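The values are calculated or read from the model by the stated rules, or taken from the named source; none is laboratory data. No experiment lies behind these values; they were computed from the predicted model shown. Counting neighbours? That spans all protein chains shown, and the Cβs are built from the backbone with ideal geometry, glycine included. The area values use the complete protein model at the heavy-atom level, side chains included, leaving out ligands, DNA and RNA. Shrake-Rupley method; radii C 1.70, N 1.55, O 1.52, S 1.80 Å.
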Amino acid sequence: MKICMIGAGYVGLVSGACFADLGNTVLCVDKDQNKINKLKKNIIPIFEPGLKEIVYKNYHSGRLKFTTDLKLAVTNSDIIFICVGTPTLKNKKSADLTYVYKVSSDISRYINKFKIIVTKSTVPIFTGDKIEKIISKRNNKKLFEVVSNPEFLREGEAIRDFRFPDRIVIGTSNSNVTKKLKNLYDPLIKKGATFFATNRRSAELIKYSANAFLATKISFINEIANLCEKINVNVEDVSIGMGLDKRIGSRFLRAGPAYGGSCFPKDTKALTVSADYFKTNLSIVKSVIKSNQKRKLILIERVKKILSYKIKKKKISFLGVTFKPNTDDMRESSSLVMIPYLSKNGAMIRYYDPSGEKNIFSKLKNTIFCKNITEACKNTDLLIIHTEWDEFKAIDFSKLSKKKKIIIYDLRNLYSKKLMEMKGFKYFSIGR
Ligand SMILES: NC(=O)c1ccc[n+]([C@@H]2O[C@H](COP(=O)([O-])OP(=O)(O)OC[C@H]3O[C@@H](n4cnc5c(N)ncnc54)[C@H](O)[C@@H]3O)[C@@H](O)[C@H]2O)c1
């Protein structure tokens with residue numbers, strides 16, 4: 001099939017490359033000329049394991065092409081995926097739909113035959129209706145169908161998630177279009193993905209509700225961890241015991257830092273705004289948002305307590321600063337609150353992250369990026385394991401500092417508390 005992805009970011013580039021790998025002809029469009037130039041030279045602008053190989057293979061086979069020319073992409077494609085960003089509006093909670101509406105208006109100029117226009121961007125309910133209105137200003141409604149096909153891939157696992165999704169949700173009332181999209185996704189359905197067809201508004205709400213529910217699970221177990229710390233109970237035992245109930249399930253029940261990234265924080269906020277508009281108070285989601293913001297302050301308070309409330313001149317090392325491993329994404333990471341606070345209060349921060357140095361910390365006082373674990377932990381007073389990268393899972397702490405026993409605050413519960421204490425380390429973790 002001939003398809004195009006508008007927006008060659010995480011979602012557009014990953015799904016575009018993977019669709020090409022399934023044998024389709026794919027044009028990835030982006031307004032960012034620099035990004036397109038890089039992609040043509042096989043320089044991948046994002047950190048995503050396995051993506052470079054798939055892009056390289058399909059670009060050289062001619063199935064995957066990159067362009068800034070939207071007209072070329074739209075006129076040559078049967079299915080058009082909108083994959084542009086929907087960030088939070090500045091100083092507001094609602095989703096900024098400027099990019100989606102701009103792209104919709106641009107598409108409307110170049111419709112030369114029947115087009116299936118699919119929204120993969122996460123958008124509030126009724127956005128599909130608005131896109132349809134924009135496009136119908138220039139075109140007869142028989143010439144296009146606007147469909148919602150929310151994307152569920154996770155950064156860091158994006159290729160695997162595209163190839164082996166739990167479900168593919170298609171929202172449209174046009175049965176011919178459903179058939180065509182089912183056909184496009186057929187190789188994934190044959191490998192076990194559930195195909196779920198519904199109407200457009202339901203598909204839009206499924207994505208927001210799924211993200212809000214997962215965010216709730218994380219905040220729930222984080223709050224239970226706070227209780228566990230007070231009563232000497234191991235939150236991991238609680239998670240296992242809860243997760244064994246099939247109605248609950250064990251995933252997203254691991255206590256740790258606040259949830260972050262490009263999706264949960266913005267989508268939970270946007271969902272509450274949509275619901276408020278329809279005079280429905282999503283009080284649970286609202287308290288999850290508050291709980292998640294508070295989580296970062298709770299972690300800072302614990303750091304202060306570990307250091308007996310003496311932060312000034314303390315050497316604090318961070319292992320990992322991204323919101324999760326296998327990504328360079330810093331959006332809404334707990335480290336963005338923790339590191340500036342500690343640095344402003346006089347701590348000397350050294351950090352190492354496998355995805356590289358972060359510009360956002362370069363202006364902070366006494367905050368330096370180190371090239372490896374050893375350098376980051378040199379003479380440290382407190383080592384904070386912030387992100388669960390594989391290379392932090394089997395550290396020989398005794399080799400890191402020969403002079404003194406390191407104090408460790410493990411926000412990911414990567415090590416056995418019992419073993420660490422037997423080895424003589426002062427080891428703090430989450431909810432244990
Ligand atoms: N990142 C994820 O893990 C993820 C997962 C599921 C869903 N989503 C959703 O998918 C959408 C895209 O997210 P992303 O992370 O891929 O965003 P991104 O910021 O990585 O990429 C968006 C791209 O769109 C391009 N763009 C903007 N306006 C354009 C225009 N007029 N023409 C052409 N290109 C244009 C930008 O230059 C950018 O490269 C969002 O709604 C997001 O919520 C993201």
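Can you say whether residue 246 is under 24 Å from residue 338 (Cα atoms), out of contact with any helix residue (DSSP H, G or I) (no Cβ under 7 Å at 6 or more places or on another chain) and surrounded by fewer than 17 Cβ atoms within 10 Å (Cβ to Cβ), as far as the supplied structure shows?
So residue 246 fails the test.
Residues in the range 327-365 that are more than 26 Å from residue 51 (Cα to Cα), touching a Lys or Arg at 6+ places or on another chain (Cβ under 9 Å) and part of a loop (DSSP other than H, G, I, E, B): 334, 345, 346, 347, 364, 365. Only one of the numbered conditions (1) part of a helix (DSSP H, G or I); (2) among the polar types (S, T, N, Q); (3) open to solvent by 20 Å² or more (accessible area, probe 1.4 Å) is not met by residue 211, and that is (3). Among the residues of the range 294-315, are any within 27 Å of residue 9 (Cβ to Cβ) and in contact with a Phe, Trp or Tyr (Cβ under 7 Å, 6 or more places away or on another chain)? For the range 294-315, residues within 27 Å of residue 9 (Cβ to Cβ) and in contact with a Phe, Trp or Tyr (Cβ under 7 Å, 6 or more places away or on another chain): absent.
Looking across the range 46-84, the residues that are within 11 Å of the ligand (Cβ to nearest atom) and open to solvent by 50 Å² or more (accessible area, probe 1.4 Å) come down to 68, 69. Among residues of the range 63-87 that are free of Cβ contacts under 8 Å to residues at least 60 places away in the same chain and β-branched (Val, Ile, Thr), those with a Cβ under 9 angstrom from a residue that is more than 11 Å from the ligand (Cβ to nearest atom) and not in a loop (DSSP other than H, G, I, E, B), sequence gap 6+ or separate chain, pair up as 67/27.
Looking only at residues that are open to solvent by less than 10 Å² (accessible area, probe 1.4 Å) and within 10 Å of the ligand (Cβ to nearest atom) in the range 8-38, which one is farthest from residue 82 (Cα to Cα)? Talk me through it step by step, then tell me what you get.
The first filter runs over the range 8-38 and keeps only residues open to solvent by less than 10 Å² (accessible area, probe 1.4 Å), leaving 8, 12-20, 26, 28-29, 36.
Filter once more, so that each one left must be within 10 Å of the ligand (Cβ to nearest atom): 8, 12-15, 28-29, 36.
Details: 8: 10, 12: 8, 13: 12, 14: 13, 15: 11, 28: 11, 29: 10, 36: 17 Å.
Among residues in the range 8-38 that are open to solvent by less than 10 Å² (accessible area, probe 1.4 Å) and within 10 Å of the ligand (Cβ to nearest atom), the one farthest from residue 82 (Cα to Cα) is 36.
Could you tell me whether any residue of the range 262-285 is modelled with pLDDT under 95 and surrounded by 15 or more Cβ atoms within 10 Å (Cβ to Cβ)? Before you say what the answer is, go through the steps one by one.
From the range 262-285, those modelled with pLDDT under 95 are 262; that's our starting set.
Those still in the list that are surrounded by 15 or more Cβ atoms within 10 Å (Cβ to Cβ) too: 262.
Yes, the range 262-285 contains at least one residue that is modelled with pLDDT under 95 and surrounded by 15 or more Cβ atoms within 10 Å (Cβ to Cβ).
Pairs meeting the criteria (first residue in the range 418-432 and within 21 Å of residue 219 (Cβ to Cβ), second residue assigned to a loop (DSSP other than H, G, I, E, B) and open to solvent by 90 Å² or more (accessible area, probe 1.4 Å), beta carbons under 6 Å, at least 6 apart or on different chains) are lacking.
Applying the criterion of at least 2 residues that are within 16 Å of the ligand (Cβ to nearest atom) and in contact with a Pro (Cβ under 9 Å, 6 or more places away or on another chain) to the strands (runs of 3 or more DSSP E) found wholly in the range 90-206 leaves 167-171. In the range 260-277 there is at least one residue that is more than 16 Å from the ligand (Cβ to nearest atom) and charged (D, E, K, R).
Can you confirm whether the range 32-47 contains a residue that is within 25 Å of residue 180 (Cα to Cα) and either outside any helix (DSSP H, G or I) or within 23 Å of the chain's Cα centre (by Cα) (or both)? Give the derivation first.
Start the filter on the range 32-47 by keeping residues that are within 25 Å of residue 180 (Cα to Cα), which leaves none.
Checked the range 32-47: no residue is within 25 Å of residue 180 (Cα to Cα) and either outside any helix (DSSP H, G or I) or within 23 Å of the chain's Cα centre (by Cα) (or both).
Looking at this structure, is residue 159 buried (at least 23 other Cβ atoms within 10 Å of the Cβ), of a type outside the set (Asp, Glu) and closer than 23 Å to residue 2 by Cβ? No: the conditions fail for residue 159. Summed over the range 288-309, residues that are in contact (Cβ under 8 Å) with a residue 12 or more places away in the chain and either open to solvent by less than 40 Å² (accessible area, probe 1.4 Å) or over 19 Å from residue 333 (Cα atoms) (or both) total 11. Pairs linking a residue in the range 190-205 that is more than 12 Å from residue 123 (Cα to Cα) to a residue that is modelled with pLDDT of 95 or more and not hydrophobic (A, V, I, L, M, F, W, C), with Cβ atoms under 6 Å and 6 or more positions apart or on different chains, are 193/165; 194/167; 195/182; 196/167; 197/178; 198/171; 199/171; 199/173. Within the range 405-416, the set of residues being at pLDDT below 95 and either crowded, with 18+ Cβ neighbours inside 10 Å or farther than 22 Å from residue 314 by Cα (or both) comprises just one member, 406.
Within the range 92-115, residues that are over 21 Å from residue 276 (Cβ atoms) and open to solvent by 80 Å² or more (accessible area, probe 1.4 Å) have Cβ atoms under 8 Å from residues that are among the aromatic types (Phe, Trp, Tyr) and at pLDDT below 95 in no pair, counting only partners at least 6 apart in sequence or on another chain.
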